[in-house]
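Working notes, structure below.
The values are calculated or read from the model by the stated rules, or taken from the named source; none is laboratory data. All figures in this text were calculated on a predicted structure; none of them were measured in a lab. As a convention, Cβ positions derive from the backbone with ideal geometry for all residues, glycine included, and neighbour counts pool all protein chains shown. What goes into the accessible areas is simple: the full protein's heavy atoms, side chains included, and nothing from ligands, DNA or RNA. Shrake-Rupley method; radii C 1.70, N 1.55, O 1.52, S 1.80 Å.
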Amino acid sequence: MNDQNRGGATPGVGPAVGYLDHARVGPLAPEAATALAGAATLAGRADPADLDRLFAIGDAARASAARLLGARPHEIALAPSTSNGLFAAAAALRGPGTVLVPRDEFPANVYPRLRFAGRGGPDVRLVAPDGGRHITADLLRRHLAPDVTALTVSAVDSLTGHMAPLAALKEILGPDRLLIVDAIQGLGAVPLDTEAADILVSGGQKWLRAGWGAALLLIRDRCAERLGPGIGGWAGVADPFAARHPAAPLPGAAAHLATNPDLQAAAALGAALDGLAGRGGTAAAGARIRATLAALLDRARRAGAEVLLDGLEERERAGIGTFRLPGHDPAALHRSLEAAGVITTRRDAWIRLSPHATTPAAATDLFADALASFLRRSGPAREPDANAAVTGTPDPT
């Protein structure tokens, strides 16, 4: 069972003080909203000069993404979504061989591999998590058989908040195997070893607070020649109006685009990336997010909560923390938090917290008061359910 609290912001004001659900969706950042409105004005006039400006905005967004990821601009394309980018990567990677996928991966990172296995793509091998952590260097080492050609993994697990050791994983894979990363639960929240990723995809609607419609698709030059055109369409070729098809693909990541990107969404994404850079980048954002999350989890422990994957080192935990109150109804707790203005996601017995760098300090006290109020009303805890365990059921987003 997955529940997201329905409470939120007053229109035009921003997220509520107790909004702790950025792993689901980040309310649109002010700079992104401004850029989106400006791009909509350009699109509404549709003057040739305005259309040129729109395409220039898309190029600028790609350049901003390249700076964030330590990439060359041509290694970046703008896909419609994380899932679309992951499907583009899956379509481009041909067999034979095997792609390793952690068993509890978010399904957006699983289905592209399953759909192309047996259709010219590599086989898929699911690997069980290692001590609760969704992927570790030791786990990869144990499963690294000669037929393995790639590993696909989330940079941050959407339930536990465990951050994958991308640099260590790439070192084990070596230069001849690909590391494919779904970065949406980490990009903009914490520093990531993005240089380790051969292919990386991330939408902007969570931690970047850029809304839907545009995602970063990074394909490094070092692996470009090993990829086929996949779902690359007319927007991915150098001469789409050539007398004969197929025309030669564009250089870089653009070769994998089916069509032009949503330039209004690109404007919002570029503005959000520039805003992040102007506030000190992911290092500054990550420090604030981790400090807020640590304070929230500390208040949860004081209330008697069990924290999922408690004891993770700072380098292993991103912006997500998950807890449960043994002996108490998680659905009732979730509803009580909502009534108090604390916005979270429930995953079965677990409540997921995901504050942002912009989350005010008052959110911690609001959360603690909401927990205390729930415990006063709900009475003594029942005997814990021995069968209540972590499940692989994902949240819808």
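May I ask you to list pairs of residues, at least six apart or on different chains, whose Cβ atoms are under 9 Å apart, with the first in the range 23-47 being at pLDDT 95 or above and among the charged types (D, E, K, R) and the second being open to solvent by 40 Å² or more (accessible area, probe 1.4 Å) and part of a helix (DSSP H, G or I)?
GLU31/ASP274; GLU31/GLY278
What residue, among those in the range 174-217 that are in a loop (DSSP other than H, G, I, E, B) and among the acidic types (Asp, Glu), is most open to solvent (accessible area, probe 1.4 Å)? Spell out the reasoning first.
In the first step, residues of the range 174-217 are kept if they are in a loop (DSSP other than H, G, I, E, B); the result is 174-177, 183-193, 197-198, 204-214.
From what's left, among the acidic types (Asp, Glu): 176, 193, 198.
Details: ASP176: 122, ASP193: 86, ASP198: 4 Å².
Checking each candidate, the answer is ASP176.
Please tell me if PRO112 is surrounded by fewer than 22 Cβ atoms within 10 Å (Cβ to Cβ), at pLDDT 95 or above and farther than 21 Å from ALA196 by Cα.
Taking the combined requirement at face value, the residue does not satisfy it.
With (1) in contact with a strand residue (DSSP E or B) (Cβ under 7 Å, 6 or more places away or on another chain); (2) under 25 Å from LEU353 (Cβ atoms) as the list, and GLY211 as the residue in question, which single condition is left unmet?
It fails just one condition, (1).
Name the single residue that is surrounded by the fewest Cβ atoms within 10 Å (Cβ to Cβ) among those in the range 326-341 being among the hydrophobic types (A, V, I, L, M, F, W, C) and under 17 Å from GLY304 (Cβ atoms). Talk me through it step by step, then tell me what you get.
Step one: list which residues in the range 326-341 are among the hydrophobic types (A, V, I, L, M, F, W, C), which gives 331-333, 337, 339-340.
Now drop any that are not under 17 Å from GLY304 (Cβ atoms), which leaves 332-333, 337.
Working: ALA332: 13, LEU333: 23, LEU337: 25.
Within the range 326-341, the match that is surrounded by the fewest Cβ atoms within 10 Å (Cβ to Cβ) is ALA332.
Here are some conditions: (1) over 19 Å from VAL25 (Cβ atoms); (2) in contact with a Pro (Cβ under 9 Å, 6 or more places away or on another chain); (3) open to solvent by 50 Å² or more (accessible area, probe 1.4 Å). GLY286 meets all but one. Which one does it not meet?
That leaves (3) as the condition not met.
Quick one: is LEU169 open to solvent by less than 10 Å² (accessible area, probe 1.4 Å), free of Cβ contacts under 8 Å to residues at least 40 places away in the same chain, touching a helix residue (DSSP H, G or I) at 6+ places or on another chain (Cβ under 7 Å) and outside any loop (DSSP other than H, G, I, E, B)?
Details: open to solvent by less than 10 Å² (accessible area, probe 1.4 Å): yes; free of Cβ contacts under 8 Å to residues at least 40 places away in the same chain: yes; touching a helix residue (DSSP H, G or I) at 6+ places or on another chain (Cβ under 7 Å): yes; outside any loop (DSSP other than H, G, I, E, B): yes.
Against the criterion (open to solvent by less than 10 Å² (accessible area, probe 1.4 Å), free of Cβ contacts under 8 Å to residues at least 40 places away in the same chain, touching a helix residue (DSSP H, G or I) at 6+ places or on another chain (Cβ under 7 Å) and outside any loop (DSSP other than H, G, I, E, B)), LEU169 qualifies.
Going through the range 326-367 one residue at a time, which ones are in a strand (DSSP E or B) and either more than 22 Å from ARG377 (Cβ to Cβ) or touching a residue at least 60 places away in the same chain (Cβ under 8 Å) (or both)?
The first filter runs over the range 326-367 and keeps only residues in a strand (DSSP E or B), leaving 343, 345-347, 350-354.
ILE343, THR345, ARG346, ARG347, TRP350, ARG352, LEU353, SER354, listed by residue number.
In the range 227-247, what residues are surrounded by fewer than 20 Cβ atoms within 10 Å (Cβ to Cβ) and touching a residue at least 60 places away in the same chain (Cβ under 8 Å)? Steps first, answer last, please.
As a first pass, look at the range 227-247 and keep what is surrounded by fewer than 20 Cβ atoms within 10 Å (Cβ to Cβ): 228-229, 231, 233-235, 238-247.
GLY228, PRO229, ILE231 - these are the residues of the range 227-247 that are surrounded by fewer than 20 Cβ atoms within 10 Å (Cβ to Cβ) and touching a residue at least 60 places away in the same chain (Cβ under 8 Å).
Can you tell me how many residues within the range 18-48 are closer than 28 Å to ILE184 by Cα, acidic (Asp, Glu) and surrounded by fewer than 23 Cβ atoms within 10 Å (Cβ to Cβ)?
1
List the residue pairs whose Cβ atoms are under 7 Å apart, where the first residue sits in the range 271-283 and is surrounded by 14 or more Cβ atoms within 10 Å (Cβ to Cβ), the second is aromatic (Phe, Trp, Tyr), and the two are 6 or more positions apart or on different chains.
Partner pairs satisfying both residue conditions: none exist.
Taking the condition of being among the aliphatic types (A, V, I, L, M) and at pLDDT below 95, how many residues in the range 309-319 meet it?
Counting residues in the range 309-319 that are among the aliphatic types (A, V, I, L, M) and at pLDDT below 95 gives 2.
What number of residues within the range 248-258 satisfy the criterion of being open to solvent by 70 Å² or more (accessible area, probe 1.4 Å) and free of Cβ contacts under 8 Å to residues at least 60 places away in the same chain? Steps first, please.
Residues of the range 248-258 open to solvent by 70 Å² or more (accessible area, probe 1.4 Å): 249, 251.
Subset that is free of Cβ contacts under 8 Å to residues at least 60 places away in the same chain: 249.
The total comes to 1.
Cβ contacts < 9 Å: first residue closer than 14 Å to ILE289 by Cα, restricted to the range 304-325; second residue of a type in the set (D, E, K, R) and in a loop (DSSP other than H, G, I, E, B), any location; separation 6+ or different chain. Result?
ALA318/ASP157; ILE320/ASP157
Applying the selection to the range 121-135, what residues are farther than 14 Å from ASP104 by Cβ, part of a strand (DSSP E or B) and open to solvent by less than 40 Å² (accessible area, probe 1.4 Å)?
Our first condition is that a residue be farther than 14 Å from ASP104 by Cβ; within the range 121-135, this holds for 121-125.
Subset that is part of a strand (DSSP E or B): 121, 123-125.
Answer for the range 121-135, where residues must be farther than 14 Å from ASP104 by Cβ, part of a strand (DSSP E or B) and open to solvent by less than 40 Å² (accessible area, probe 1.4 Å): just GLY121.
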